[in-house]
1. May I ask you to list the aspartates and glutamates whose Cα is less than 17 Å away from that of Lys69, ignoring any residue fewer than eight positions away on the same chain?
2. May I ask for the net charge around Gly154, where only other residues with Cβ less than 15 Å from the Cβ of Gly154 are counted and Lys, Arg are +1 while Asp, Glu are -1?
3. Using only the alpha-carbon atoms of the range 73-290, report the extent along each of the three principal axes, biggest first, to the nearest angstrom.
4. Could you compute the FRET efficiency for Ile201 and Glu161, with r as their C-beta to C-beta distance and R0 at 41 Å, rounded to 0.05?
5. Assuming 0.36 nm per residue, please report the length gained on full extension of the stretch Arg175 to Phe236 beyond their Cα-Cα distance.
6. Using a Förster radius of 30 Å, what is the FRET efficiency between Trp82 and Thr214 based on their Cβ-Cβ separation? Nearest 0.05, please.
7. Packing-wise, with mean Cβ within 10 Å as the measure, how do 172-179, 202-209, 76-83 rank, highest first?
8. So which aspartates and glutamates pass the test for Lys257, namely a Cα distance under 17 Å, with those fewer than 8 places away in the same chain ruled out?
Amino acid sequence: MTNESITPGGIGGSSPSGRSTSRRARRAGGGGGGAAALRKVSDGAVNVAVKEPGRFFALCLDTFRAIFKWPFQWREFIEQSWFIVSVTVIPTMLVAIPFGGILSLQVGGLIRQLGAQSYTGATAVVAIVREASPLVTSLLVAGAAGSAMCADIGSRKIREEIDAMEVLGINPLHRLVVPRMFACAFIALFLNGLVSVVGLIGGYVFNVMLQNGTPGAYLASFNAIAQLPDLLQAEFKAFVFGITAGLVAAYKGLNAKGGPKGVGDAVNQTVVITFMLLFVENFIISTLYFQFVPSKGM
């Protein structure tokens with residue numbers, strides 16, 4: 001009978017070299033997994049901080065170039081304008097009434113404590129026309145119209161209609177994005193005026209009925225602090241906010257991926273990103289306005 005020698009690395013045994021090899025393999029695998037996780041996090045941060053803003057800026061430049069391409073899509077512009085009006089007018093009025101009432105109640109109580117109740121109308125005009133109406137308009141345009149536009153363009157992207165248009169030589173930016181962007185900006189101008197009028201009416205009703213204010217004093221003090229440039233900068237804000245909402249909706253819709261779920265995610269991102277950009281733009285425009293336009297003295 002021959003005695004077979006069992007080596008240390010054979011069955012039932014383990015050699016030091018085998019153990020060190022397995023440990024090195026585990027270390028390599030762990031290091032690779034950590035590096036992959038770190039790379040994934042860094043890529044996500046770079047994508048959010050650099051790539052996404054860069055792509056959005058490129059889309060904005062391409063869209064503004066497409067504005068000058070003839071012919072302008074008037075039919076698409078009119079259809080989108082009517083759609084925006086249909087989904088935003090009633091919510092705008094319903095939001096503007098309590099908004100003006102709340103401002104009137106808060107400001108009226110403070111002014112009464114200061115002994116200047118006759119200037120309630122002036123402060124309401126400044127608060128509503130200068131700041132409140134553009135913000136309310138932009139939030140409704142972004143939340144109602146922008147989300148619907150993103151869903152429409154995203155659905156076309158998922159169904160590969162955008163790719164088909166490009167194959168046929170049709171520029172999707174000129175055909176779809178430009179008329180929608182101008183429709184948002186155009187309707188935002190009128191919605192801003194609607195919010196101003198309805199908000200002032202709501203403030204008047206609340207001031208006269210709940211705070212026992214004088215109707216004549218409320219109306220007579222309208223031009224005590226407010227001035228025409230206040231209305232002009234509010235209209236300019238509404239126009240810029242409408243363009244921003246249209247561009248963000250188009251960008252997220254054109255980059256939607258992953259089927260219906262991707263379209264839903266793009267719609268949610270459209271609303272959030274638009275709100276953030278609108279508040280930043282509002283701060284910048286208001287700061288520049290106060291720097292170049294002097295306030296009206298009483």
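Throughout, read-outs are computed from the coordinates displayed, never taken from laboratory work. Just so we're clear, the structure is a prediction, and the values are computed from it rather than from any experiment. With ideal geometry, Cβ positions are generated from the backbone for all residues, glycine too; neighbour counts draw on all protein chains shown.
1. Hits, sequence-local ones excluded: Glu166.
2. Charge balance in the 15 Å sphere: +2.
3. That works out to 69, 30, 29 Å along the principal axes.
4. Approximately 0.40, to the nearest 0.05.
5. 19.4 nm
6. Working: r = 42 Å, r/R0 = 1.39.
FRET efficiency, Trp82 to Thr214: 0.10.
7. For the peptides 172-179, 202-209, 76-83, the packing ranking is 172-179, 202-209, 76-83.
8. Of all the aspartates and glutamates, those that pass the test against Lys257 - Cα under 17 Å, at least 8 places apart if same chain - are Glu52, Asp152, Glu160, Glu161, Asp163, Asp265.
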